[in-house]
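Take a look at the structure set out below.
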Amino acid sequence: MQEITVLELKRKLDENQEVVLVDVRELEERVVSHIGGFHIPLSNLPSKIWDLEEYKEAEIVVYCRSGARSANAVAFFLQMGYQNVSNLKGGMKAWKNEVDNSIEVA
């Protein structure tokens with residue numbers, strides 16, 4: 001499985017590179033903090049993946065709290081034929097620790 005570190009993602013975002021973010025956490029977690037992108041809880045991904053069909057060829061980075069749920073989501077994306085999908089290593093916890101310690105992580 002392809003992974004991307006929070007520092008690599010931060011660099012891409014700072015350079016305005018085309019990256020599609022997908023947050024697979026629950027709504028109550030996202031309300032506390034997020035780094036943008038689509039919000040599709042992991043449990044809803046099978047029915048909502050079609051909302052992302054236009055991004056099938058784009059670089060997609062999936063994130064959650066720690067990287068476990070997003071790893072499951074990446075596996076699902078790959079199973080559905082998406083090629084360029086990465087798991088955000090360490091998730092929002094790593095983002096807080098390495099990029100922005102001012103955010104809260106639920």
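For the stretch 42-60, a residue qualifies if it is closer than 21 Å to Glu3 by Cβ and touching an Asp or Glu at 6+ places or on another chain (Cβ under 9 Å), and the qualifying residues are Leu42, Ala58, Glu59.
Would you point out the residue of the stretch 62-82, among those that are aromatic (Phe, Trp, Tyr) and free of Cβ contacts under 8 Å to residues at least 40 places away in the same chain, that is surrounded by the fewest Cβ atoms within 10 Å (Cβ to Cβ)? Looking at residues that are aromatic (Phe, Trp, Tyr) and free of Cβ contacts under 8 Å to residues at least 40 places away in the same chain, I get Phe76.
Of Val31, Val85, all but one fail to be loosely packed, with under 13 Cβ neighbours inside 10 Å and of a type in the set (A, V, I, L, M, F, W, C); the exception is Val31. Pairing residues of the stretch 1-27 that are more than 17 Å from Phe38 (Cβ to Cβ) with residues that are part of a loop (DSSP other than H, G, I, E, B), at Cβ distances under 6 Å and at least 6 apart in sequence or on separate chains, gives Glu3/Lys89; Thr5/Lys89; Val6/Val99; Lys10/Val99. Between Asp23, Asp100, the distinction of being crowded, with 17+ Cβ neighbours inside 10 Å and under 15 Å from Val6 (Cα atoms) belongs to Asp23 only.
We did not get these values from a lab; they are worked out from the coordinates using the rules stated. Bear in mind that the values here come from a model prediction, so they are computed numbers and not experimental data. Don't worry about glycine lacking a Cβ; one is built from the backbone with ideal geometry, like all the others, and counts go over all protein chains shown.
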